[in-house]
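Notes follow the structure.
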Amino acid sequence: MADEFTSTYDVIVIGAGAAGMMCAAVAGQGGKKVLVLDHAAKLAEKIRISGGGRCNFTNLHATPANFLSENPHFCKSALSRYTPQDFLSLVKRYHIAFHEKHKGQLFCDESAEDIIRMLKAECDLGRIQWRMSCGVDEIQKSEQGFIVQTAQGRFLTANVVIATGGLSIPKIGATDFSYRVARQFGLKIVEPRPALVPLTFDAPGWAAFVPMAGISLEVDIETGEKKNKIVFREDLLFTHRGLSGPAILQISSYWQPGQSIRINLLPEVALADELIAAKTTSKKTLANFLAAYLPARLVDGLLVAYEFDGSVKIADMQDKRLRLLSEKISRWELLPNGSEGYRKAEVTRGGVDTRELSQQTMMVNKCPGLYFIGEAVDVTGWLGGFNFQWAWASGVAAGKAI
Ligand code: FDA
């Protein structure tokens, strides 16, 4: 009774973002009849704004260790079957100019639009059909397959792929759709929370640091204890409201409310030793001595915050005081009171519990034909192109399996 439907398909992919377009292209090129639906008017808004408009489209050093998940082994299969080099070959085939920024992060030279055009061209090769500005009212499983009810018609499909991402940046169309579908089909969800997000601090405690807004420096940053401790060496940026920059974004994915973060502002320097050794050789004041290592504005702020007189000559200071100050600088402990939330988060941590899915195909174990890919799944990458690599790899895994 196919004619009661607007059309029938082998696959309907819901979400025309990174993972959805990749999955659709692979399934379409594999000979499947594919429809992609999205409630947004434009394709892949997140690719468009990613990497400051240049899309950090993969990371050459991506391994499963760069991903967070309650089930850290889950991502291994898909990541090993579609690697950064595979995506890079595609980028080269389309003659998209790119460069490595640092630490294996690959960016477009020109624009993120190049990646969107490439994915669209790949979808065209697979003869993908599109329904944009098309919200989904309901998905039902019937004996004939999945019925997808939308504002633009009622479609029948053998397979449905949920690629609607996470909750970050609602302004450009993020919704909780993937979690709603998961709940509808009785799947567990790992609690979603904002990740790769600036952290915030109590306003009175932060007042001493506000004048440092704009300062950026490379630090070691850590959170957690013992075997749960994680450390990143990245740039830290002081802002008017708190801290940001790659160091904070990275640690935010691991930070739990109530936990402290610790920052070594001078990771390459044994500061206490240098200060004590300089007592016999240097006539400098404390502030002048430290200004050789750290931005002067930061030194002033730290000395005020920790009640040290910067005008005292280091030669006149007790070793104990110098050690105390060094400890404050190399182990600056802060208690964030929260984060800037989904409005600013680059990704959502958590999502559909991977124990519900096949790691080879991304299909729901107890519901054949239903797939979840990309950020909707409880696999979250570090900052630096890892999240797109997961989107491509999980999209390919599902697209090939269907
Ligand atoms: P994605 O969010 O891309 O796509 C989901 C699609 O589903 C969207 O098109 C949306 O409109 C649609 N949708 C949502 N709800 C729907 C509904 N109810 N009905 C129909 N359609 C619906 N990562 C990286 O590796 N390198 C980078 O440079 C960056 N940079 C970056 C910058 C910023 C500002 C952000 C916010 C994020 C990044 N990221 C990133 C993260 C990266 O963008 C993200 O992990 C991927 O886009 C996830 O791909 P998905 O396809 O899973 O979701």
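Each value in this text was obtained by applying a stated rule to the coordinates, not by laboratory testing. Fair warning: this is a prediction, and the values are worked out from it, not measured in the lab. A quick note on method: Cβ atoms are made from the backbone with ideal geometry, for glycine too, and the neighbour counts reach across all protein chains shown.
Numerical summary
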item: Taking the C-alpha atoms of the chain, convex hull volume expressed per residue in Å³; result: 141
item: Hydrodynamic radius by Kirkwood, which averages 1/r over all alpha carbon pairs of the range 318-390, in angstrom; result: 16.1
item: 12 Å beta-carbon shell around S244, net charge (K/R +1, D/E -1); result: -2
item: Under Karplus coefficients 6.51, -1.76 and 1.60, residue-wise ³J(HN,Hα) of the range 273-281 in Hz, glycine/proline x; result: 4, 5, 5, 5, 5, 6, 4, 8, 10
item: Local electrostatic count, Q105, Cβ distance below 15 Å [Lys/Arg +1, Asp/Glu -1]; result: -1
item: Partners for K92 among lysines (Cα-Cα distance below 18 Å; same-chain residues under 8 apart left out); result: K101, K120
item: Neighbourhood charge, 10 Å Cβ-Cβ cut-off, centred on L68 and excluding it, Lys, Arg +1 and Asp, Glu -1; result: -1
item: Candidates L106, L199, L286, ranked by Gaussian network fluctuation over the chain, Cα under 10 Å, top entry; result: L286
item: Separation between Cα centres of the range 208-227 and the range 274-326, rounded to whole Å; result: 19
item: Flagged links, alpha-carbon separation over 22 Å, of K33/K141; K226/K328; K229/K344; result: K229/K344
item: Projected label distance in nm at K141 and T175, using a 7 Å step from Cα toward the beta-carbon; result: 2.2
item: Those lysines that a straight Cα-Cα span of less than 16 Å connects to K32, excepting residues fewer than 8 apart in one chain; result: K400
item: Per-residue ³J(HN,Hα) for the range 136-150, Karplus 6.51 cos²θ - 1.76 cosθ + 1.60, θ = phi - 60°, Hz, x for Gly and Pro; result: 9, 7, 6, 10, 10, 9, 10, 5, 7, x, 9, 9, 10, 9, 9
item: Kirkwood hydrodynamic radius of the range 1-145, Cα pairs, Å; result: 16.9
item: Karplus-derived 3J(HN,Hα), 6.51/-1.76/1.60, for each residue of the range 55-71, Hz, glycine and proline x; result: 6, 7, 7, 6, 10, 4, 9, 4, 9, x, 5, 8, 10, 9, 6, 5, 10
item: All-pairs alpha carbon distance profile, the range 278-402, 5 Å steps from 0, percent; result: 2, 9, 14, 13, 8, 6, 6, 6, 7, 8, 7, 6, 5, 3, 1, 0
